[in-house]
Amino acid sequence: MTTLAALVTAALLPGFAPASPGPGGGQVFAGTFPGTERPGYVYLPPGFTTEARYPVVYLLHGMPGSPSEYIDGTQLAAFADDAISSGATRAFIAVMPAAGSTAQYNGEWAGPWEQRLITRVVPWVDARLPTEPTAGGRVIAGLSAGGYGAADIGLRHPDLFRTIESWSGYFRPLHDGPFAHASHAVLDANDPTRLVAEERPALARAKTRFFVSTGPPHSHWAPPADTIDFGEELRAVGLPCALRVYAGRGGQWSRQLADGLRWALGPT
(Lines give C-alpha, C1' and ligand atoms only; values in the text may rest on other atoms or scores of the structure.)
Protein backbone atom coordinates (compact mmCIF):
# COMPACT_ATOMS: atom_id res chain seq x y z
CA MET A 1 0.00 0.00 0.00
CA THR A 2 3.02 2.27 -0.33
CA THR A 3 1.80 4.09 -3.44
CA LEU A 4 -1.68 4.51 -2.02
CA ALA A 5 -0.25 5.72 1.29
CA ALA A 6 1.68 8.47 -0.46
CA LEU A 7 -1.34 9.48 -2.54
CA VAL A 8 -3.71 9.56 0.41
CA THR A 9 -1.32 11.50 2.61
CA ALA A 10 -0.80 14.19 -0.01
CA ALA A 11 -4.33 14.49 -1.37
CA LEU A 12 -6.81 13.38 1.29
CA LEU A 13 -5.17 13.60 4.70
CA PRO A 14 -2.95 16.69 4.87
CA GLY A 15 -0.94 16.71 8.05
CA PHE A 16 -1.03 12.92 8.34
CA ALA A 17 1.66 10.40 7.45
CA PRO A 18 1.67 6.60 7.12
CA ALA A 19 2.27 5.12 10.57
CA SER A 20 1.92 1.38 10.18
CA PRO A 21 0.51 -0.99 7.57
CA GLY A 22 -2.09 -3.54 8.51
CA PRO A 23 -1.18 -7.19 7.88
CA GLY A 24 -3.89 -7.54 5.24
CA GLY A 25 -3.52 -4.36 3.21
CA GLY A 26 -5.05 -1.69 5.42
CA GLN A 27 -3.08 1.35 6.50
CA VAL A 28 -2.90 3.46 9.64
CA PHE A 29 -2.05 7.16 9.33
CA ALA A 30 -0.92 9.39 12.19
CA GLY A 31 -1.46 13.13 12.43
CA THR A 32 -3.34 15.89 14.20
CA PHE A 33 -6.99 16.58 13.44
CA PRO A 34 -8.11 20.20 13.07
CA GLY A 35 -8.95 21.73 16.43
CA THR A 36 -7.17 19.05 18.44
CA GLU A 37 -3.92 19.28 20.36
CA ARG A 38 -2.54 15.74 20.25
CA PRO A 39 -1.87 13.25 17.47
CA GLY A 40 -4.59 10.87 16.44
CA TYR A 41 -4.99 8.11 13.86
CA VAL A 42 -7.00 7.20 10.80
CA TYR A 43 -7.33 3.62 9.56
CA LEU A 44 -8.15 3.01 5.89
CA PRO A 45 -9.24 -0.46 4.79
CA PRO A 46 -7.69 -2.88 2.30
CA GLY A 47 -8.60 -1.92 -1.24
CA PHE A 48 -9.45 1.64 -0.23
CA THR A 49 -10.70 3.70 -3.16
CA THR A 50 -12.22 7.13 -3.51
CA GLU A 51 -14.84 5.56 -5.80
CA ALA A 52 -16.55 3.86 -2.83
CA ARG A 53 -18.34 5.16 0.26
CA TYR A 54 -17.38 3.85 3.69
CA PRO A 55 -18.99 3.85 7.13
CA VAL A 56 -16.83 5.49 9.78
CA VAL A 57 -16.15 4.27 13.32
CA TYR A 58 -15.14 6.97 15.81
CA LEU A 59 -13.11 5.33 18.58
CA LEU A 60 -12.72 7.23 21.87
CA HIS A 61 -9.81 6.25 24.11
CA GLY A 62 -9.82 5.79 27.89
CA MET A 63 -8.52 8.24 30.48
CA PRO A 64 -5.70 8.76 31.11
CA GLY A 65 -4.67 7.44 27.74
CA SER A 66 -4.27 8.10 24.06
CA PRO A 67 -5.54 6.85 20.69
CA SER A 68 -2.51 4.55 20.50
CA GLU A 69 -4.34 2.09 22.74
CA TYR A 70 -6.31 1.11 19.65
CA ILE A 71 -3.19 0.75 17.52
CA ASP A 72 -0.85 -0.97 19.99
CA GLY A 73 -3.32 -2.40 22.51
CA THR A 74 -6.39 -3.78 20.76
CA GLN A 75 -4.54 -4.17 17.43
CA LEU A 76 -7.33 -2.54 15.47
CA ALA A 77 -5.62 -2.78 12.08
CA ALA A 78 -5.04 -6.52 12.37
CA PHE A 79 -8.63 -7.15 13.38
CA ALA A 80 -10.07 -4.83 10.74
CA ASP A 81 -7.95 -6.17 7.89
CA ASP A 82 -9.01 -9.73 8.72
CA ALA A 83 -12.68 -8.90 9.33
CA ILE A 84 -12.97 -6.95 6.09
CA SER A 85 -11.05 -9.46 3.98
CA SER A 86 -13.06 -12.39 5.35
CA GLY A 87 -16.39 -10.65 4.87
CA ALA A 88 -17.18 -10.55 8.59
CA THR A 89 -17.62 -6.78 8.27
CA ARG A 90 -18.06 -4.29 5.51
CA ALA A 91 -15.02 -2.20 4.66
CA PHE A 92 -14.86 0.75 7.03
CA ILE A 93 -12.76 3.72 8.07
CA ALA A 94 -11.75 4.16 11.72
CA VAL A 95 -11.00 7.56 13.24
CA MET A 96 -9.17 7.81 16.58
CA PRO A 97 -8.92 11.38 17.91
CA ALA A 98 -7.38 12.43 21.22
CA ALA A 99 -8.87 14.22 24.21
CA GLY A 100 -6.85 16.25 26.69
CA SER A 101 -3.70 18.28 26.21
CA THR A 102 -1.46 15.39 27.36
CA ALA A 103 -1.67 11.63 27.76
CA GLN A 104 -1.95 12.21 31.51
CA TYR A 105 -5.30 14.00 31.10
CA ASN A 106 -7.75 12.20 33.37
CA GLY A 107 -11.11 13.76 32.65
CA GLU A 108 -14.06 13.08 30.39
CA TRP A 109 -14.88 13.19 26.70
CA ALA A 110 -16.92 16.32 27.33
CA GLY A 111 -16.72 20.08 27.10
CA PRO A 112 -14.08 21.18 24.57
CA TRP A 113 -13.20 17.60 23.59
CA GLU A 114 -16.78 16.79 22.66
CA GLN A 115 -17.16 20.07 20.79
CA ARG A 116 -13.99 19.51 18.78
CA LEU A 117 -15.12 16.02 17.86
CA ILE A 118 -18.57 17.15 16.78
CA THR A 119 -17.76 20.47 15.14
CA ARG A 120 -14.25 19.89 13.78
CA VAL A 121 -13.28 16.24 13.44
CA VAL A 122 -16.49 14.73 12.03
CA PRO A 123 -16.99 17.46 9.39
CA TRP A 124 -13.32 17.31 8.43
CA VAL A 125 -13.43 13.53 7.97
CA ASP A 126 -16.57 13.77 5.82
CA ALA A 127 -15.00 16.54 3.73
CA ARG A 128 -11.68 14.75 3.18
CA LEU A 129 -12.64 11.08 2.85
CA PRO A 130 -15.28 9.14 0.88
CA THR A 131 -17.58 8.46 3.82
CA GLU A 132 -21.26 7.66 4.23
CA PRO A 133 -22.00 11.13 5.67
CA THR A 134 -25.17 10.26 7.56
CA ALA A 135 -25.98 9.00 11.06
CA GLY A 136 -26.46 5.54 9.59
CA GLY A 137 -22.89 5.64 8.32
CA ARG A 138 -21.34 6.48 11.69
CA VAL A 139 -20.51 4.44 14.78
CA ILE A 140 -19.27 6.03 18.00
CA ALA A 141 -17.57 3.64 20.42
CA GLY A 142 -15.09 3.68 23.24
CA LEU A 143 -13.27 1.84 26.00
CA SER A 144 -13.71 2.73 29.68
CA ALA A 145 -13.93 6.54 29.86
CA GLY A 146 -14.24 6.43 26.09
CA GLY A 147 -17.29 4.22 26.57
CA TYR A 148 -18.84 6.87 28.79
CA GLY A 149 -18.00 9.49 26.16
CA ALA A 150 -19.52 7.43 23.36
CA ALA A 151 -22.75 6.95 25.32
CA ASP A 152 -22.99 10.57 26.47
CA ILE A 153 -22.16 12.11 23.09
CA GLY A 154 -24.13 9.59 21.07
CA LEU A 155 -27.30 9.92 23.14
CA ARG A 156 -27.31 13.69 22.64
CA HIS A 157 -26.45 13.55 18.93
CA PRO A 158 -28.69 10.92 17.31
CA ASP A 159 -28.53 13.04 14.17
CA LEU A 160 -24.83 12.18 13.89
CA PHE A 161 -24.45 8.61 15.20
CA ARG A 162 -26.91 5.77 14.71
CA THR A 163 -24.78 3.16 16.47
CA ILE A 164 -23.45 3.72 20.00
CA GLU A 165 -21.06 1.27 21.67
CA SER A 166 -19.61 1.22 25.19
CA TRP A 167 -16.94 -1.35 26.05
CA SER A 168 -16.34 -1.65 29.80
CA GLY A 169 -17.60 1.90 30.16
CA TYR A 170 -19.53 3.71 32.85
CA PHE A 171 -22.73 5.68 32.60
CA ARG A 172 -22.64 8.56 35.07
CA PRO A 173 -20.33 11.58 34.75
CA LEU A 174 -17.41 11.81 37.16
CA HIS A 175 -16.48 15.06 38.90
CA ASP A 176 -13.31 15.62 36.88
CA GLY A 177 -12.09 17.32 33.73
CA PRO A 178 -14.84 19.58 32.36
CA PHE A 179 -17.15 18.38 35.14
CA ALA A 180 -14.83 19.19 38.06
CA HIS A 181 -16.96 22.16 39.10
CA ALA A 182 -20.11 21.41 37.13
CA SER A 183 -23.57 22.20 38.42
CA HIS A 184 -26.13 19.49 39.07
CA ALA A 185 -27.93 20.61 35.92
CA VAL A 186 -24.83 20.09 33.78
CA LEU A 187 -24.13 16.70 35.34
CA ASP A 188 -27.73 15.62 34.77
CA ALA A 189 -27.54 16.77 31.14
CA ASN A 190 -24.52 14.49 30.63
CA ASP A 191 -25.84 11.46 32.51
CA PRO A 192 -26.60 8.61 30.08
CA THR A 193 -28.85 6.89 32.63
CA ARG A 194 -31.12 9.97 32.52
CA LEU A 195 -30.68 10.70 28.83
CA VAL A 196 -32.11 7.33 27.76
CA ALA A 197 -35.59 8.28 28.96
CA GLU A 198 -35.33 11.97 28.08
CA GLU A 199 -34.09 11.39 24.54
CA ARG A 200 -36.04 8.23 23.79
CA PRO A 201 -38.44 9.79 21.22
CA ALA A 202 -35.54 11.30 19.24
CA LEU A 203 -33.51 8.10 19.54
CA ALA A 204 -36.43 6.00 18.33
CA ARG A 205 -37.02 8.28 15.35
CA ALA A 206 -33.33 8.11 14.47
CA LYS A 207 -33.33 4.29 14.84
CA THR A 208 -30.40 4.52 17.24
CA ARG A 209 -29.05 1.17 18.39
CA PHE A 210 -26.63 0.13 21.09
CA PHE A 211 -23.93 -2.44 21.82
CA VAL A 212 -22.82 -2.41 25.46
CA SER A 213 -20.36 -4.87 26.92
CA THR A 214 -18.36 -5.47 30.05
CA GLY A 215 -15.85 -7.86 31.58
CA PRO A 216 -13.91 -8.21 34.82
CA PRO A 217 -13.81 -4.76 36.46
CA HIS A 218 -10.76 -2.66 35.64
CA SER A 219 -11.88 0.28 37.81
CA HIS A 220 -14.33 0.85 40.62
CA TRP A 221 -15.92 3.48 38.38
CA ALA A 222 -17.03 0.84 35.87
CA PRO A 223 -18.53 -2.17 37.67
CA PRO A 224 -20.02 -4.77 35.30
CA ALA A 225 -23.41 -4.41 36.99
CA ASP A 226 -23.70 -0.84 35.71
CA THR A 227 -23.34 -1.97 32.10
CA ILE A 228 -25.92 -4.70 32.62
CA ASP A 229 -28.33 -2.23 34.23
CA PHE A 230 -27.83 0.25 31.40
CA GLY A 231 -28.47 -2.40 28.77
CA GLU A 232 -31.64 -3.46 30.54
CA GLU A 233 -32.74 0.18 30.79
CA LEU A 234 -32.35 0.56 27.03
CA ARG A 235 -34.38 -2.57 26.38
CA ALA A 236 -37.06 -1.52 28.86
CA VAL A 237 -37.82 1.62 26.85
CA GLY A 238 -37.77 -0.26 23.55
CA LEU A 239 -34.38 0.77 22.20
CA PRO A 240 -32.42 -2.00 20.45
CA CYS A 241 -29.44 -3.13 22.50
CA ALA A 242 -26.95 -5.98 22.29
CA LEU A 243 -25.58 -6.75 25.76
CA ARG A 244 -22.43 -8.84 26.21
CA VAL A 245 -20.64 -9.93 29.39
CA TYR A 246 -17.12 -11.37 29.07
CA ALA A 247 -15.31 -13.66 31.47
CA GLY A 248 -11.53 -13.60 31.94
CA ARG A 249 -9.19 -10.67 31.69
CA GLY A 250 -7.01 -11.85 28.82
CA GLY A 251 -7.71 -9.70 25.78
CA GLN A 252 -11.15 -8.70 26.98
CA TRP A 253 -11.02 -5.24 25.38
CA SER A 254 -9.83 -6.67 22.08
CA ARG A 255 -12.73 -9.13 22.19
CA GLN A 256 -15.23 -6.40 22.99
CA LEU A 257 -13.95 -4.25 20.12
CA ALA A 258 -14.02 -7.17 17.69
CA ASP A 259 -17.51 -8.33 18.64
CA GLY A 260 -18.84 -4.78 18.73
CA LEU A 261 -17.56 -3.89 15.28
CA ARG A 262 -18.73 -7.17 13.79
CA TRP A 263 -22.17 -6.44 15.25
CA ALA A 264 -22.21 -2.86 13.95
CA LEU A 265 -20.67 -3.44 10.54
CA GLY A 266 -21.61 -6.97 9.59
CA PRO A 267 -22.60 -7.56 5.97
CA THR A 268 -26.09 -6.35 5.12
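Do we find that Glu108 is closer than 30 Å to Asp191 by Cβ, surrounded by 22 or more Cβ atoms within 10 Å (Cβ to Cβ) and among the charged types (D, E, K, R) in this structure?
For Glu108, the condition - closer than 30 Å to Asp191 by Cβ, surrounded by 22 or more Cβ atoms within 10 Å (Cβ to Cβ) and among the charged types (D, E, K, R) - is met.
Considering Pro130, Pro123, Pro158, which residue is without any contact (Cβ under 8 Å) to a residue 12 or more places away in the chain and within 29 Å of Pro267 (Cβ to Cβ)?
Unique residue meeting the criteria: Pro123.
Which one of these does Ile118 not meet: (1) at pLDDT below 95; (2) assigned to a helix (DSSP H, G or I); (3) of a type in the set (Val, Ile, Thr)?
(1)
If a residue has to be at pLDDT below 95 and either within 17 Å of Ala202 (Cβ to Cβ) or assigned to a helix (DSSP H, G or I) (or both) to count, how many in region 238-248 make the cut?
0
Do we find that Ala103 is part of a loop (DSSP other than H, G, I, E, B) and aliphatic (A, V, I, L, M) in this structure?
Judged against the criteria, Ala103 is a match.
Name the residue, out of Pro23, Pro14, Pro34, that is part of a loop (DSSP other than H, G, I, E, B) and under 20 Å from Ala88 (Cβ atoms).
Testing whether each residue is part of a loop (DSSP other than H, G, I, E, B) and under 20 Å from Ala88 (Cβ atoms) leaves just Pro23.
May I ask you to list the residues in region 60-74 that are among the hydroxyl-bearing types (Ser, Thr, Tyr) and not in a helix (DSSP H, G or I)?
Ser66, Thr74 - these are the residues of region 60-74 that are among the hydroxyl-bearing types (Ser, Thr, Tyr) and not in a helix (DSSP H, G or I).
Kindly indicate whether Gly136 is surrounded by 20 or more Cβ atoms within 10 Å (Cβ to Cβ), within 26 Å of Ile228 (Cα to Cα) and either more than 12 Å from the chain's Cα centre (by Cα) or not acidic (Asp, Glu) (or both).
No.
Which of the residues that make up region 123-151 are touching a helix residue (DSSP H, G or I) at 6+ places or on another chain (Cβ under 8 Å) and under 22 Å from Glu51 (Cβ atoms)?
Thr131, Pro133, Arg138
The values are calculated or read from the model by the stated rules, or taken from the named source; none is laboratory data. Here the structure is a predicted model, which is why all the values come from computation and not from measurement. Backbone-built Cβ (ideal geometry, glycine too); neighbour counts: all protein chains shown.
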